[in-house]
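Okay, structure first, notes after.
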Amino acid sequence: MGGARLWDRPGIARRRRVLDPAQSAGPLTDLEQPVLPEGFRFRTAGEAGPKAAVQAHLDAWAPSTYTAEGYEGVRQTAAYRGDLHILVEAPDGTMASSTIMWLDEANRTVEFEPVGTHPDYRRLGLGKAMLRHGMHVARAAGATRVMVACLGAPGHPQARGLYYGVGFTEFTRDAPLIRTRTAG
């Protein structure tokens, strides 16, 4: 095939969405301290509870079909750790930002997935502070690198800007492919 792109082969097509870059930041040394606006504080999902964690997700990604049952399924996965599920609580008690960090102990890497902020609390620096706080938490958990995938990044320049703003750099891109016909 010598240099031919996979999606140029018969029966394979590239999906009609932009390529998804993944960003990496590391090593986790010389980390900046997170700074939250006055009255905001970091919480873990373990501290805030399942109801607050689900509501944070629903608020950040509305409309969403996420449910308490769905979250319970996430919590039951072997890789989920409540101490690595970070929330930012607003002064009124709203969980304004949320991320789950997934630790790969063998590779000493944490992936932030998902990362989101309630629309009423965007552009306040909460995402940046949460990611920086998460990097400190990741390092304490044994990670030496962190990563995040930015779904459809060219279509989401704010997300890309957030990740680059805390030190992430692009290290790979995924080309989502679909089979257009069955083999044989």
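Summing +1 for each Lys or Arg and -1 for each Asp or Glu among the other residues whose beta-carbon sits under 12 angstrom from that of residue 98 gives -2. Remark: segment 28-36, residue by residue, has Karplus-estimated 3J(HN,Hα) of 7, 10, 6, 6, 6, 6, x, 10, 9 Hz, where x stands for each Gly or Pro and the curve is 6.51 cos²θ - 1.76 cosθ + 1.60 at θ = phi - 60°. Note on segment 35-88: the alpha carbon radius of gyration divided by the globular reference 2.2 N^0.38 Å gives 1.19.
A cut-off under 11 angstrom between Cβ atoms defines the neighbours of residue 24, and their net charge, with Lys, Arg +1 and Asp, Glu -1, is -1.
With charges only on Cβ, +1 for K and R and -1 for D and E, what is the dipole size of segment 27-161 about its Cα centre, in debye, rounded to 20?
260 debye
Couplings for segment 46-62, taken from phi via the Karplus curve 6.51 cos²θ - 1.76 cosθ + 1.60 with θ = phi - 60°, read x, 6, 7, x, x, 4, 5, 5, 5, 5, 4, 5, 4, 5, 6, 10, 5 Hz in order; Gly and Pro are left as x. Temperature 37 °C, viscosity 0.692 mPa s: under these conditions the Stokes-Einstein estimate for segment 81-121, based on its Kirkwood radius over C-alpha pairs, is 294 µm² per second.
Bear in mind these aren't lab numbers, they're just calculated from the coordinates by the rules spelled out. Remember, predicted model here, so these are calculated numbers, not experimental data. Reconstructed Cβ throughout: ideal geometry from the backbone, glycine too, with neighbour counts over all protein chains shown.
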